Amino acid sequence: MAKRLTEEMVIARTKISDLSKIKRLNCWGSELVDVSLLMKMPSVEVLSLSINKINSLADFQFCKRLEELYIRQNDIRDLNEIMYLQGLTNLKNLWLGENPCASIEGYRLAVIRALPQLQKLDNVAITQEELREAQRRGKILTHPVDETQEESEEEYQTSPTQTAVQPQYNRYQEYSEQEYSPPQRSPQRQEVMEYTNGDRYVSSSHGGSAEITQPQEKRDKFTCAAATHRPPFTRRPVTRVSLRNSYIGSKALSPKVSIHKLTGKWNPRRMSFSE
């Protein structure tokens, strides 16, 4: 289990209960891995955390008054972790030797270029000539936060499920009238049906209202305006039942026809009633 820096440990070593008032802290050889408690110690000026197992300098960026940092023989592997100390303008002495990152070629010049406010690095004073050389030949380091953002952007760009980015709308951009003209509807198709009486029934393909038209010659024959809107005439087919009903109707109007004939059996071959 990773060992972390606790308030009890700090109070036991500094004899100060208020963490914000601590100026110096020495936790040398305590096998610490997590030192996130430093965020509650903004006034600390000297930190001695050598011979531990610290693998990141991210927690030190909150110690704005830090002047001396002794962190040799830890597990800091990425040289870009130095960028977390860039905001510490009061930092004058840094001892980072015997870490895995210290064996990287160009380590000293890269650290001096990233932290030009340093006066001593790994217990060796920094000269003005060395500072000028670091500005010319020193490796440019990148902040670890920027690296993670770039990696996430690359993964997003190379992911197969990436969706197309929609162009940003600019309300001041000029657009051609033709590009944003309303869509033109296709002309309506009309179906025309002609009946035997000369009427024409016109229906729209878009569900519009139907209209009954008549030839101009036939319209002139009628004087009534309602005659032009009369429904189309459809002749019913002639059947035996219709003949029977018409016969019954015609005979019922005649006084010469007896009730026996009307109630007799209908003979379809003779087309009449049998008495």
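The values are calculated or read from the model by the stated rules, or taken from the named source; none is laboratory data. All values derive from a computational prediction rather than experimental measurement. Here Cβ is always computed from backbone atoms with ideal geometry, including for glycine, and neighbour counts include all displayed protein chains.
Things worth noting here:
- Any hit, the range 150-157, residues being modelled with pLDDT under 95 and either under 18 Å from LEU85 (Cα atoms) or in a loop (DSSP other than H, G, I, E, B) (or both): no
- Residue in the range 4-14 that is touching a strand residue (DSSP E or B) at 6+ places or on another chain (Cβ under 6 Å) and touching a residue at least 12 places away in the same chain (Cβ under 8 Å) present: yes
- From ILE82, ILE71, residue being in the same structural domain as LYS23 (by TED's automatic domain parsing) and under 17 Å from LEU25 (Cα atoms): ILE71
- Residues that are in a helix (DSSP H, G or I) and either surrounded by fewer than 18 Cβ atoms within 10 Å (Cβ to Cβ) or not assigned by TED's automatic domain parsing to the domain that holds PHE62 (or both) within the range 109-144 comprise GLN128, GLU129, GLU130, LEU131, ARG132, GLU133, GLN135, ARG136, ARG137, PRO144, listed in sequence order.
- Residue, surrounded by the fewest Cβ atoms within 10 Å (Cβ to Cβ), within the range 1-44, restricted to residues that are within 24 Å of GLN73 (Cβ to Cβ) and over 49 Å from the mean Cα position of the chain (by Cα): ALA12
- The requirement of being surrounded by 16 or more Cβ atoms within 10 Å (Cβ to Cβ) and assigned by TED's automatic domain parsing to the domain that holds LEU109 is satisfied by ILE51.
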